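The values are calculated or read from the model by the stated rules, or taken from the named source; none is laboratory data. Bear in mind the structure is a predicted one, so any value in this text is a computation, not a measurement. Don't worry about glycine lacking a Cβ; one is built from the backbone with ideal geometry, like all the others, and counts go over all protein chains shown.
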Amino acid sequence: MPPERVDTRGGLPCLGTKEFASEPDQASRARAWVSEALGPNHPAHEDCELLVSEVFTNAVRYGDGDTVEVSAYADDHRVRVEVVDAGGDTLPHLVDDPDGETGRGLVIIRALTDTWGCRKLPDGRLNVWFVLEPEPNAS
């Protein structure tokens, strides 16, 4: 078994990194992979599934390239997911069009996450990430 990797940006153990084809039908596979890595009892499980779908779909739609890489980091409470594509012509940006048929992905991401962001990597690829830190359940 390989040594545990740790995300230096949050101290979260790495659950893994997986590469998927940059195809729309792969969003469900990426979502299932992250879901399985987290486990059904993780407090961020459901929101994380939705957000992986949104970010992955954006990577396929707007990124160039043949693959999309998904990395997941988590402890018992927090989750960080990073989605890396080959980059495209623009950086992700919010679209303020309530009547538009597209452009709601980043609005959903902003609404559900504790923090999120994007950055161009030195090799030109785009890294979009989000962190979920759900409130503990009141007992």
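Structure data summary
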| quantity | calculated |
| --- | --- |
| Close pairs from segment 23-49: first under 20 Å from residue 129 (Cβ atoms), partner among the basic types (Lys, Arg) and part of a helix (DSSP H, G or I), Cβ under 6 Å, at least 6 apart | 49/31 |
| Looking only at segment 117-134, and only at residues there that are among the aliphatic types (A, V, I, L, M) and assigned to a strand (DSSP E or B), the one that is surrounded by the fewest Cβ atoms within 10 Å (Cβ to Cβ) | 131 |
| Segment 11-35, residues that are in contact with a Leu (Cβ under 9 Å, 6 or more places away or on another chain) and either surrounded by fewer than 15 Cβ atoms within 10 Å (Cβ to Cβ) or in a strand (DSSP E or B) (or both) | 15 |
| Hits in segment 36-63 (condition: assigned to a loop (DSSP other than H, G, I, E, B) and either in contact with a strand residue (DSSP E or B) (Cβ under 9 Å, 6 or more places away or on another chain) or under 17 Å from residue 17 (Cα atoms) (or both)) | 39, 42, 43, 44, 63 |
| Sole exception among (1) within 17 Å of residue 136 (Cβ to Cβ); (2) touching a residue at least 60 places away in the same chain (Cβ under 8 Å); (3) of a type in the set (D, E, K, R) for residue 80, by number | (1) |
| Single residue of segment 48-89 satisfying the filter (more than 13 Å from the chain's Cα centre (by Cα) and modelled with pLDDT of 95 or more) that is farthest from residue 37 (Cα to Cα) | 66 |
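Every residue, every condition in (1) more than 26 Å from residue 75 (Cβ to Cβ); (2) of a type outside the set (D, E, K, R); (3) modelled with pLDDT of 85 or more; (4) within 17 Å of the chain's Cα centre (by Cα), yes or no:
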| residue | (1), (2), (3), (4) |
| --- | --- |
| 110 | no, no, no, yes |
| 119 | no, no, yes, yes |
| 133 | no, no, yes, yes |
| 136 | no, yes, no, no |
